[in-house]
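What follows is one structure encoded as structure tokens, with my remarks underneath.
What follows is calculated from the coordinates using simple rules that are stated; it is not laboratory data. Bear in mind the structure is a predicted one, so any value in this text is a computation, not a measurement. Cβ coordinates were reconstructed from backbone atoms using ideal geometry, including for glycine residues, and neighbour counts include every protein chain displayed.
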Amino acid sequence: MRLIIVGFGVVGQSLARILLSRASDLYTLYGINPKIVACLDSKGSAVSPAGLDLHRLLEAKISKGTVAAYDKSHLQSSLTGIMENIEAEILIEMTPTNLDDAEPGLTNIISGMRAGKHIITVNKGPLALAFPSLVELADYNNIRFRFSGTVGGGTPILEFAKRCLNGERIVSFNGILNGTTNYILTKMEEGLSFHDALNDAKIKGYAEAMPLLDLEGYDAASKLVIMANWIMGLKVTIRDVKREGITGIDLVDVQKASIKKTSIKLVAFCDNIHLEVKPTMIQKIDPICVNGTLNAVTFRSEYSGDKTIIGRGAGGMETASSIIRDLIEIRESIAKNNL
Ligand code: HSE
């Protein structure tokens, strides 16, 4: 499997590290041998049809700030130029989430689909703004489009609802979809100030490149939109979400809630009509009342009641692990079609 990757930040570098450490068992267990043949960041690219040396690629990025330092001959390469000249089956899009116009991720994904590449993305912007049309374009071009890491980091929230609850009618769901704000609210419960907790979340790589996306509830809203489209079959975008963030919450609010055996959490909710993200006081015994960067979602289904999935919702390695899941799934899906 030859991969072109676009965006080489925290998640991209974590993916390279996983590929380095798992190369042999990915082949033995799943029959995949992923090779990165091109890697682009905002300053340039590195290309090798035989597969880039990932130690050297990481070294170039860490020491010089760009993958272009890997090989000086590719400073000006564009994604379309690379796709025309280098053979690859899969494009992995990992540029930062932009919820204004979803760029550059949206154009990268569309170009990849038109060039017949299977697409994996962890970028929420294109899906939050254009989910229905991207799924349609993927179908039209007969390519696989996977986005497991856009919701839940490494926790398979989308797959849990889509596959494990297959055949059930999910009536509604609510949950915590943003690791950064959950981390901040948890730390505030422990007595840390909002700003210290936010700084901590930035240093640990949980926060978005623009942390206001986390704090104002946009990140949770974009994940809610992806779930509503994929799981509930709604045709919605981020503009359909009623949203409020956590910037109005202070230490006193958090501590008052704690005395009542409750916690303030940024809760996302969806039924077939309403989509909402807002700070909500929930009982500490509620299964979605999780701490730190954990995400948790309770699905309410028509016949079998409530089910909750909990797991780490942010972090480079966690999110990169979802890309491995998507790679395996694409491999299996192609193999099934070829039977
Ligand atoms: N900033 C996001 C979060 C990263 O904190 O949940 C994972 O999508």
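Note on segment 168-238: Cα-Cα pairs beyond 18 Å make up 46% of the total pair count. Would you list the P(r) distribution for segment 248-311, with all Cα-Cα distances sorted into 5 Å bins from 0 and each bin expressed as a whole %? Going out from 0 Å in 5 Å bins, segment 248-311 shows 4, 15, 23, 25, 18, 10, 4, 1, 0 percent.
Distance from the Cα centroid of segment 202-267 to that of segment 288-303 is 14 Å (rounded to whole angstrom). The eigenvalues of the Cα gyration tensor, multiplied by 5 and square-rooted, give the chain an equivalent ellipsoid with semi-axes of 34, 23, 18 Å from largest to smallest.
The P(r) of segment 201-274 has a tail past 15 Å containing 62 percent of all C-alpha pairs. Rounded if a/c is under 1.5, else prolate if a/b is larger than b/c, else oblate: which is segment 1-67, with a ≥ b ≥ c the root eigenvalues of its Cα gyration tensor? Here segment 1-67 falls in the prolate category. Take every DSSP beta bridge whose two residues both sit in the chain; close to 65 percent of them are antiparallel. Counting beta carbons within 10 Å around each of Tyr183, Tyr206, Tyr27, Tyr303 and listing the fewest first gives the order Tyr303, Tyr27, Tyr183, Tyr206. Look at Lys72, Lys162, Lys187, Lys124 and count the other Cβ atoms within 10 Å of each Cβ; fewest to most, that gives Lys72, Lys162, Lys187, Lys124. Cβ-Cβ distance of Ser133 and Arg300, R₀ of 25 Å, FRET efficiency by 1/(1 + (r/R0)^6): the value works out to about 0.30.
Over the Cα atoms of segment 3-111, each weighted equally, I'd like the Debye log10 I(q)/I(0) at q = 0.10, 0.11, 0.19 Å⁻¹, rounded to two decimals. The computed values of log10 I(q)/I(0) come out as -0.27, -0.33, -0.97. Ordering 269-276, 63-70, 293-300, 148-155 by mean Cβ neighbour count within 10 Å, with the highest value first, yields 148-155, 293-300, 63-70, 269-276.
Taking label positions 7 Å along the Cα-Cβ direction at both Ile328 and Tyr140, the computed distance is 3.4 nm, reported to one decimal. A Förster radius of 45 Å combined with the Cβ-Cβ distance from Leu251 to Ile32 puts the calculated FRET efficiency at roughly 0.40.
With q set to 0.10 Å⁻¹, the log10 of I(q)/I(0) for segment 157-313, from the Debye formula over equal scatterers at the Cα positions, is -0.34.
Relative to one another, the C-alpha centroids of segment 1-76 and segment 146-196 are positioned 28 Å apart.
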